[in-house]
Amino acid sequence: MFGLSNPQRFMAFTGPLTPILWGLAVVLLAVGSWLSFTVPADYQQGETVRIMFVHVPAAVWGLGAYAALGVSSFFALVFRHALADAAARAAALPGAAFTALALFTGSLWGKPMWGTWWVWDARLTSVLVLFLFYLGYMALRASIDDEQKGARAAAVLGLVGLINLPIVKFSVDWWNTLHQPASFLTPGSSGLDPVYLPPFLTMLAAYGVLFLALWLTAIRTEVRRRRVVTLRARQALEA
Amino acid sequence: MSRPSVQREPRPPGLRGATRVLLERELDLAWSGGGGPLLACGFFVCLTAVLPLAVGGDFRTLGPVAGGVAWLALALASLLSLERLFERDLEDGALDLLALGHLPMEAVVMIKALAQWIAVGVPLGLTAPIAAMALGLPPGLAPLTALSALIGGAGFALTGTLGAALALGARRGGLLIAVVVLPLFIPPVVFGAGALERASSGQSPVPALAFLGAYVLFAAVITAFASAAAVRNAQE
Amino acid sequence: MLDLDMGRYALFVWPAWGASALVLIALAARALIASRRWKRELKHLTDADEAARSQAAQRAAGQEQ
Amino acid sequence: MIHTLTLADLTVIRGERRLFKGLNLELKAGQALALTGANGAGKTSLLRAIAGLLRPDAGTIAFRDGDGNLLDERTARGREVHFLGHQDALKTGRTTREELGFQCDWLGHTQHGFDHAAEAFGLQPLLDLEVRRLSAGQRRRLAMGRLIGSPRALWLLDEPMAPLDVRWREAFADQMRRHLDADGLIVAAVHDPLPIPVRTLDLGGLG
């Protein structure tokens, strides 16, 4: 993947990089949180605008993680890299967790605004559908015992999912125009008061760096796990 | 026993011949045991009958959702016989025989998808308007329901075939196929039910049907390659 | 200035931020613990490998004398 | 037409176990190869690798025709290779006639391929019986029908004779001799030795 196909070079390259990412993520999260609670409340939404600073980054990086999963699946399928499969597997859990967070914070944000915990609008429904894609991916990977076969089947689904995502997103948006022709201003979409940009962008970057840190750490762990398994198998053979 | 003369050059069945031969067998297997399309239609009708029992038989509540429910039932009924599509062939070794035919695996999976559409999709498509009208869909929409159900049924058959191939060799195949495939069924359900919705509110359903058709072509390309890859993977 | 008084929205802002913090920390913890575990496992195995190899080397050296 | 099968440095790893490594072999027309070795030594995996059903982890499998030029793997396997695994690939709900017919049609049959196959394995009395009513031996003979009904150069057989009784083992041995005389090739995974002249490759040791 991106030339780092052989594990040794990948481990060497990401060795020093991963701690830096973890450090940067912590700093960004701290600064972002601090900024999120120093900006003035929104005249219309009141304090609930602060929820946006955790909702939107989670939704954005939930999608970002699926893109990483899909692209890794492509490399795993086409170039048969074991590393690419590890990358796809490693992106699944953080991505699903971020998407679930986006759903939870989204409904918390909606309640004071629309009076209901869940609204079937285009954005929240798309996040829910993305969560279903993760569910399907993880269910498939969990129910095939043979590791090698499970990995390839999951790679096919990861790639198919990535290709289908824009189509499904389009159909949800089209569906939204069908049932709610007067599409009212969905919160935080366009009219973002510039004063909220610093916390918003910091938190967005923070979630992104955190995802990278989680992702690389999980891949490195998987590389080490496979080395342990092969070493144990060889020792069992020699014993 | 007279010595059978062993001719060297077998007459290849040619593309059409092999396709016909496999299609016939798949249809025979799908409709074997007398069940035939009755099973899928039976499930479809059951699902439709349960709704009024659940929410009351008043057409004022059923009418507006009739088209949508018919499409939901169509999607679920299409999931029915997907497990049979590959699982049985893997167990009895037929998949290896299919892999060594003249046609590539990409063609085999497409023929299976076609057989799935003919055996399940078409009967469901013809039952859909009847079930929808029973739920209060204005009779004027019946032809549109049938047309959209037939096109959408092809999308369900194709994506369902892909789901069946992916879940091949997995434990709990049936349920897994549903979880894997249902998110991919969203576009046909949205466009299909949307076509009915548009038509019932006087607008032209053609754009929705066009999207439905586009999804089917899109699903065909994806299914051919992805299913073949999934089947080869499970065969190893 | 830092404004932590959410007023009547406290019931929505704090659970949202609380859940987010919880999940992110859980993800980080899970990843780091697993990483440390397999790093230790691998080190343990490679040490054992080296020890076995160095013993074999000594035995071979012993036989040469 | 496949005349030579060449395996070069073939390696297959299943899970963490290395089944065989660096396997080199050349089989010419008219030759048969018996694969021996303990269960799980990789006999079936080697057959499936040659048939293209299993992707080897390293090494190559080459099919060459009479003049020695390389045949495309995909078409060679689609037209010139038979694979008879442990399972018979038969649908129990259908009749013998339908299944034999499908096998011959799907793999491409000669003019009277169906009749030759039925005759060679004594399937005439069973034609209208459902496969589920056949004994294991009869099912194996039905599955073998495709070898005669649709003549192909390379036979890959996985313990072919196991369910057959003595009479039909001799009949099948006769079919194998006739296949080899007609410049065919056979690779068979066996437990008890084949009643025909064979080269042997023991996978037990190589694993």
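In table form, for the structure just shown:
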{"item": "Test: residue in the stretch D:180-190 that is surrounded by fewer than 22 Cβ atoms within 10 Å (Cβ to Cβ), at negative phi, assigned to a loop (DSSP other than H, G, I, E, B) and within 12 Å of another protein chain (Cβ to nearest Cβ)", "result": "yes"}
{"item": "Condition check for D:Leu142: assigned to a helix (DSSP H, G or I), in contact with a strand residue (DSSP E or B) (Cβ under 6 Å, 6 or more places away or on another chain) and within 14 Å of chain B (Cβ to nearest Cβ)", "result": "no"}
{"item": "Selection within the stretch D:176-206 - touching a strand residue (DSSP E or B) at 6+ places or on another chain (Cβ under 6 Å) and of a type in the set (Gly, Ala, Ser)", "result": "D:Ala188, D:Ala189"}
{"item": "Residue tally, condition assigned to a helix (DSSP H, G or I) and more than 25 Å from B:Val181 (Cα to Cα), over the stretch B:32-79", "result": "10"}
{"item": "Verdict on D:Gln138 being closer than 19 Å to B:Leu98 by Cα and touching a helix residue (DSSP H, G or I) at 6+ places or on another chain (Cβ under 9 Å)", "result": "no"}
{"item": "Within the stretch A:49-84, considering residues that are out of contact with any strand residue (DSSP E or B) (no Cβ under 8 Å at 6 or more places or on another chain) and among the β-branched types (Val, Ile, Thr), the one nearest to C:Ala21 (Cα to Cα)", "result": "A:Val54"}
{"item": "Close pairs from the stretch A:125-148: first within 9 Å of chain B (Cβ to nearest Cβ), partner at pLDDT below 95 and not in a helix (DSSP H, G or I), Cβ under 6 Å, at least 6 apart", "result": "A:Ser143/B:Ala170; A:Ser143/B:Arg171; A:Ser143/B:Arg172; A:Ile144/B:Ala170"}
{"item": "Filtered residues of the stretch D:145-179 (kept if more than 13 Å from chain B (Cβ to nearest Cβ) and out of contact with any helix residue (DSSP H, G or I) (no Cβ under 9 Å at 6 or more places or on another chain))", "result": "D:Val166, D:Arg169, D:Ala173"}
{"item": "Single condition B:Gln116 does not satisfy, out of (1) surrounded by fewer than 20 Cβ atoms within 10 Å (Cβ to Cβ); (2) in a helix (DSSP H, G or I)", "result": "(1)"}
{"item": "Some residue of the stretch A:73-94 being within 20 Å of the chain's Cα centre (by Cα), assigned to a helix (DSSP H, G or I), surrounded by fewer than 20 Cβ atoms within 10 Å (Cβ to Cβ) and in contact (Cβ under 8 Å) with a residue 40 or more places away in the chain", "result": "yes"}
{"item": "The stretch D:95-116, residues that are more than 7 Å from every other protein chain (Cβ to nearest Cβ), surrounded by fewer than 24 Cβ atoms within 10 Å (Cβ to Cβ) and charged (D, E, K, R)", "result": "D:Arg97, D:Glu98, D:Asp115"}
{"item": "Qualifying residue in the stretch A:158-165 (condition: surrounded by fewer than 18 Cβ atoms within 10 Å (Cβ to Cβ) and either out of contact with any Lys or Arg (no Cβ under 7 Å at 6 or more places or on another chain) or more than 8 Å from every other protein chain (Cβ to nearest Cβ) (or both))", "result": "yes"}
{"item": "Enumeration of residues in the stretch B:65-99 that are over 30 Å from D:Gly52 (Cα atoms) and either among the aromatic types (Phe, Trp, Tyr) or free of Cβ contacts under 8 Å to residues at least 12 places away in the same chain (or both)", "result": "B:Trp71"}
{"item": "Residues of the stretch B:169-200 classified as on the phi > 0 side of the Ramachandran plot and surrounded by fewer than 21 Cβ atoms within 10 Å (Cβ to Cβ), total", "result": "1"}
{"item": "Of residues in the stretch C:9-59 being exposed (fewer than 11 other Cβ atoms within 10 Å of the Cβ) and polar (S, T, N, Q), the one farthest from the other protein chains (Cβ to nearest Cβ)", "result": "C:Gln58"}
{"item": "Residues of the stretch B:74-97 classified as more than 30 Å from B:Ala49 (Cα to Cα), among the hydrophobic types (A, V, I, L, M, F, W, C) and surrounded by fewer than 21 Cβ atoms within 10 Å (Cβ to Cβ), total", "result": "1"}
{"item": "Residues of the stretch D:46-75 classified as under 17 Å from the mean Cα position of the chain (by Cα) and part of a loop (DSSP other than H, G, I, E, B), total", "result": "4"}
{"item": "Any hit, the stretch D:38-45, residues being more than 10 Å from every other protein chain (Cβ to nearest Cβ) and assigned to a helix (DSSP H, G or I)", "result": "yes"}
{"item": "Any chance A:Val49 is of a type in the set (Val, Ile, Thr) and in contact with a Pro (Cβ under 7 Å, 6 or more places away or on another chain)", "result": "no"}
{"item": "Qualifying positions in the stretch A:10-63 - outside any helix (DSSP H, G or I) and crowded, with 16+ Cβ neighbours inside 10 Å", "result": "A:Phe37, A:Val39, A:Ala41, A:Asp42, A:Gln45, A:Gly46, A:Glu47, A:Thr48"}
{"item": "Hits in the stretch A:50-61 (condition: over 18 Å from A:Ala97 (Cβ atoms) and either facing another protein chain (nearest Cβ under 9 Å) or touching a helix residue (DSSP H, G or I) at 6+ places or on another chain (Cβ under 6 Å) (or both))", "result": "A:Arg50"}
{"item": "Scan of the stretch B:202-227 for residues that are in contact (Cβ under 8 Å) with a residue 60 or more places away in the chain, out of contact with any Ser or Thr (no Cβ under 8 Å at 6 or more places or on another chain) and more than 10 Å from chain A (Cβ to nearest Cβ), ordered by number", "result": "B:Gly213, B:Val216, B:Ala220, B:Ala224"}
{"item": "Number of positions in the stretch C:6-58 that are on the phi < 0 side of the Ramachandran plot and over 18 Å from the mean Cα position of the chain (by Cα)", "result": "28"}
{"item": "Test: B:Ala66 is at pLDDT 85 or above and at the interface with another protein chain (Cβ under 9 Å from one of its Cβ atoms)", "result": "no"}
{"item": "Qualifying position, being within 17 Å of the chain's Cα centre (by Cα) and facing chain A (nearest Cβ under 10 Å), among B:Gly155, B:Gly174, B:Gly169, B:Gly163", "result": "B:Gly163"}
{"item": "Total residues in the stretch D:1-29, condition out of contact with any His (no Cβ under 9 Å at 6 or more places or on another chain), in a loop (DSSP other than H, G, I, E, B) and touching a residue at least 60 places away in the same chain (Cβ under 8 Å)", "result": "3"}
{"item": "Residues satisfying the stated conditions in the stretch D:47-80, i.e. of a type outside the set (D, E, K, R), within 13 Å of another protein chain (Cβ to nearest Cβ) and either over 21 Å from D:Arg146 (Cβ atoms) or touching a helix residue (DSSP H, G or I) at 6+ places or on another chain (Cβ under 8 Å) (or both)", "result": "D:Ala51, D:Gly52, D:Leu53, D:Leu54, D:Pro56, D:Ala58, D:Gly66"}
{"item": "Test for A:Val27: is it away from every other protein chain (no Cβ under 11 Å) and farther than 23 Å from C:Tyr9 by Cβ", "result": "yes"}
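The values are calculated or read from the model by the stated rules, or taken from the named source; none is laboratory data. Computed from a predicted model, the values in this text were never measured in an experiment. So basically every Cβ, Gly included, is an ideal-geometry build from the backbone, and we count neighbours across all protein chains shown.
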